[in-house]
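Read the structure below first, then the notes.
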Amino acid sequence: MKPGKVQVKAICLIQHADRLLVTEYHDEVKRNTFYRPLGGTIEFGELGSETIAREMMEEIHARVEAIRYLGTLENIFIYNGQKGHQIMLVYAGDLTDRDLYDVPILSAHEDDGQEFKAVWMPVKEFRQGRTIIYPDGILDLLPAFPPA
């Protein structure tokens, strides 16, 4: 996160049955855990859909097909004590490797080599408020497409 800068990101809702593929984060200051769909920063000259394809390949080594735009969300937040501001283009997509839908935890990597986990979480956990998902408004976009 770059303080004082608005970031433009693209994230992808990959849903299978009643589960959504997300990344787990932990805020050390608030001492809470939350989730966000996979994706990343849109590079100069890159379309949001191209960002999704690139980020999914970089992060989980997977191809995504049927990428479709769902909407835009603005995310102003505090994470680990720092204020952030993101404009997020939200897409839906399907994994071309159908076997990945059966892997509960996917090993993933940031472009700096840092490892993280991508996990399948039940959507009802988010809808019932038992588990936090960001950005706000993301659940409103889920009904806009059928699960794979």
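The values are calculated or read from the model by the stated rules, or taken from the named source; none is laboratory data. Treat the numbers as computed from the prediction; the structure is a model and nothing was measured. With ideal geometry, Cβ positions are generated from the backbone for all residues, glycine too; neighbour counts draw on all protein chains shown.
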Just give me the residues in the range 12-46 being of a type in the set (Lys, Arg), over 11 Å from the mean Cα position of the chain (by Cα) and surrounded by 14 or more Cβ atoms within 10 Å (Cβ to Cβ), in sequence order. ARG19
Restricting attention to the range 81-120, which residues are in contact with a strand residue (DSSP E or B) (Cβ under 6 Å, 6 or more places away or on another chain), exposed (fewer than 13 other Cβ atoms within 10 Å of the Cβ) and of a type in the set (S, T, N, Q)? THR96
Selection count where residues are farther than 22 Å from GLU58 by Cβ and of a type in the set (A, V, I, L, M), scope the range 1-41: 3
Within the range 68-91, is even one residue over 24 Å from LYS5 (Cβ atoms), at pLDDT 95 or above and β-branched (Val, Ile, Thr)? no
Go through the range 129-138 and report how many residues are farther than 15 Å from THR23 by Cα and at pLDDT below 90. 3
Can you tell me how many residues within the range 1-11 are closer than 22 Å to GLY71 by Cα and either surrounded by fewer than 18 Cβ atoms within 10 Å (Cβ to Cβ) or aromatic (Phe, Trp, Tyr) (or both)? 4
Kindly indicate which of ILE52, ILE78 is aliphatic (A, V, I, L, M), closer than 20 Å to GLY137 by Cβ and more than 14 Å from the chain's Cα centre (by Cα). ILE78
Would you confirm whether or not the range 76-90 contains a residue that is farther than 28 Å from VAL29 by Cα and touching a Leu at 6+ places or on another chain (Cβ under 8 Å)? no
